[in-house]
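Working notes, beginning with the structure itself.
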Amino acid sequence: MKHYLGIDIGTFESKGVLVDADGEIVASTAQPHKMIVPQPGWAEHRAREDWWDDFTFLSRKLLAESGVAPTAIAAIGASAIGPCMLPVDADGEPLTNAVLYGVDTRAAMEIAELTEWIGEAILLDRCGNALTSQSIGPKILWLKRNRPEIFAKAHRILTSTSYLVYRLTGAFVIDHYTAANFSPFYQIEEKTWSDALADDIIGLDRLPDLAWTTDIAGVVTARAAEETGLAPGTPVIAGTVDAAAEALSVGVLSSGDMMIMYGSTIFIIMITEARVRDPRLWYAPWLFPHQHAAMAGLATSGTLIHWFRDQFARDLDPSTSMQVLAAEAEQSPPGAKGLVVLPYFSGERTPIHDAKAKGVIFGLDLTHSRGDIYRAMLEGIACGTNHIIDTYAEAGQEPSAILAVGGGTKNRVWAQATSDISGRTQIVRAKTVGASYGDAFLAALAVGDVGPDSILQWNPVVSDFVADAANAEVYRRQYGIFRELYPKTRDLMERLGGHP
């Protein structure tokens, strides 16, 4: 029987699966790694150690545990956090740590300057997106200004998935969906690179070659086969960002379908009939020609949960600490006894796009417990998620179906609060392993072994989160305060600035 390998590199963990021709997972495994925060507002990974070493470890472990012969793998799909900025030399060797996606806000000055030089209206029209911390163009400019010696040596600027595909095949490629985050260099209508809006930052020949997600980028080289245990000559797809692969893994196929990904960040993707022009949301061509996607994401979600555990649950056994905190949150009532949290602990992405935004825990008194504060953190993330859903609706894009995926779906307080605050049902499918499963499906799709609708049979619906009307009033009050709290403290956040 044919098999398909899918590996995804996340912010804190990499995951891999081997899937058979019926969509059954025959082996799965994971490998943790760290996010490096050298200073406030920065977020980095080591590309070789955190991305490629994870990939080789997972591929070898999956082969060993499954007993599947490398030659039985018909195709390979990879995804990773994105968009990231990684300068590499002519041999594809990283020249510095990778600068991560929107959680890294170091290029705030470059974002402001490029927006002023080019004009927000022109950016939105030509690139589909306002410049934000999610954009790679300003980060390339930051590199040129602040690390000129590294910039000069950079043969290509890659993103995370591009680096994995290069290590597997020797090809420098990037899919259109990811490339749309390289504003101001990607032109939406033409679906090509252009320096028309910024011709003095970097040569276009130093960017990866463009491809569609299921295009075959190349085959596993002899060197990559030796490192990974895979068979030389195995097809490798161009791949995509983790969130896009995750959306496909739960059946986001048609206009109106929305995915909420509960991970290190909340990430939302909705397929739309036409291009959405709203500066609060991100736009990209979808994974396949003639489809469109509107995206949004919070800056800190699962990352905030990890931070809370590491700072305020040091007394707990790390192996069970998340379960204990979840139980404590269950003991706190909806509304967390009047606490409201702004989860802007790394600034915020959509819809406010404010790198200077700060985290706030509002309403504390001496009766509050750790469980109350933890629940308020979860509800704050849920409020931020609903703020995004409301933004879609205001842009004329009310979701027809919401599919939830990711590790956070196992945190019932978090997922249920999201449905209660939004008043919307979230559908959960049988396999919530996420992007790596989507990668395996994309690999099967690329070699013609399945059609797009096959994912509905591979991964059927098993449950849902339905809004509880009994909690509507308390959450209406909480969400109203949440929406007022940021505008009333924004000026103070800017005055506070960073650490002295």
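The values are calculated or read from the model by the stated rules, or taken from the named source; none is laboratory data. Note that this is a predicted model, so its numbers are computed, not measured. For neighbour counting, all protein chains shown are included, and Cβ atoms are generated from backbone atoms with ideal geometry for every residue, glycine included.
Among the residues of region 263-290, write down those that are of a type in the set (D, E, K, R) and farther than 15 Å from Ala180 by Cβ. Glu273, Arg280, listed by residue number. Within region 326-350, the set of residues being buried (at least 19 other Cβ atoms within 10 Å of the Cβ), over 30 Å from Tyr101 (Cα atoms) and of a type in the set (S, T, N, Q) comprises just one member, Ser332. Can you say whether Ala296 is in contact with a Ser or Thr (Cβ under 9 Å, 6 or more places away or on another chain), assigned by TED's automatic domain parsing to the domain that holds Leu485, over 24 Å from Met270 (Cα atoms) and of a type in the set (A, V, I, L, M, F, W, C), as far as the supplied structure shows? Taking the combined requirement at face value, the residue does not satisfy it.
A single entry from Tyr437, Tyr486 fulfils the requirement of being at pLDDT 95 or above, hydroxyl-bearing (Ser, Thr, Tyr) and touching a Leu at 6+ places or on another chain (Cβ under 7 Å): Tyr486. Taking strands (runs of 3 or more DSSP E) as the structural unit, those lying wholly within region 145-257 and holding at least 1 residues that are touching a residue at least 40 places away in the same chain (Cβ under 8 Å) and more than 30 Å from His3 (Cβ to Cβ) correspond to 156-158. Restricting region 444-477 to residues that are among the polar types (S, T, N, Q) and under 27 Å from the mean Cα position of the chain (by Cα) leaves a set whose member that is nearest to Pro343 (Cα to Cα) is Ser463.
Residues of region 97-130 that are within 23 Å of the chain's Cα centre (by Cα), among the small types (Gly, Ala, Ser) and part of a loop (DSSP other than H, G, I, E, B): Gly102, Ala107, Gly128, Ala130. Inspect all residues belonging to region 39-62 and state whether any of them is free of Cβ contacts under 8 Å to residues at least 24 places away in the same chain and in contact with a strand residue (DSSP E or B) (Cβ under 9 Å, 6 or more places away or on another chain). Yes: region 39-62 contains one or more residues that are free of Cβ contacts under 8 Å to residues at least 24 places away in the same chain and in contact with a strand residue (DSSP E or B) (Cβ under 9 Å, 6 or more places away or on another chain). Would you check if there is a residue in region 337-359 being in a helix (DSSP H, G or I), farther than 27 Å from Pro399 by Cβ and in contact (Cβ under 8 Å) with a residue 24 or more places away in the chain? Among the residues of region 337-359, at least one is in a helix (DSSP H, G or I), farther than 27 Å from Pro399 by Cβ and in contact (Cβ under 8 Å) with a residue 24 or more places away in the chain, which makes the answer yes.
When you go through Asp242, Asp209, Asp215 one by one, which is the residue that is modelled with pLDDT of 95 or more and in contact with a helix residue (DSSP H, G or I) (Cβ under 9 Å, 6 or more places away or on another chain)?
Step by step, each of Asp242, Asp209, Asp215 is checked, and only Asp215 is modelled with pLDDT of 95 or more and in contact with a helix residue (DSSP H, G or I) (Cβ under 9 Å, 6 or more places away or on another chain).
Can you find a residue that is assigned to a loop (DSSP other than H, G, I, E, B), polar (S, T, N, Q) and outside the structural domain of Arg277 (by TED's automatic domain parsing) anywhere in region 416-430? Among the residues of region 416-430, not one is assigned to a loop (DSSP other than H, G, I, E, B), polar (S, T, N, Q) and outside the structural domain of Arg277 (by TED's automatic domain parsing), which makes the answer no. Condition test on Phe362, is it outside the structural domain of Ala43 (by TED's automatic domain parsing), modelled with pLDDT of 95 or more and either under 30 Å from Ser59 (Cα atoms) or among the acidic types (Asp, Glu) (or both)? So Phe362 fails the test. Looking across region 97-144, just one residue is under 28 Å from Trp51 (Cα atoms), among the basic types (Lys, Arg) and touching a residue at least 60 places away in the same chain (Cβ under 8 Å), and that is Arg106.
Filtered by the rule that a residue be free of Cβ contacts under 8 Å to residues at least 40 places away in the same chain and within 15 Å of Val99 (Cα to Cα), region 20-37 gives Lys34, Val37.
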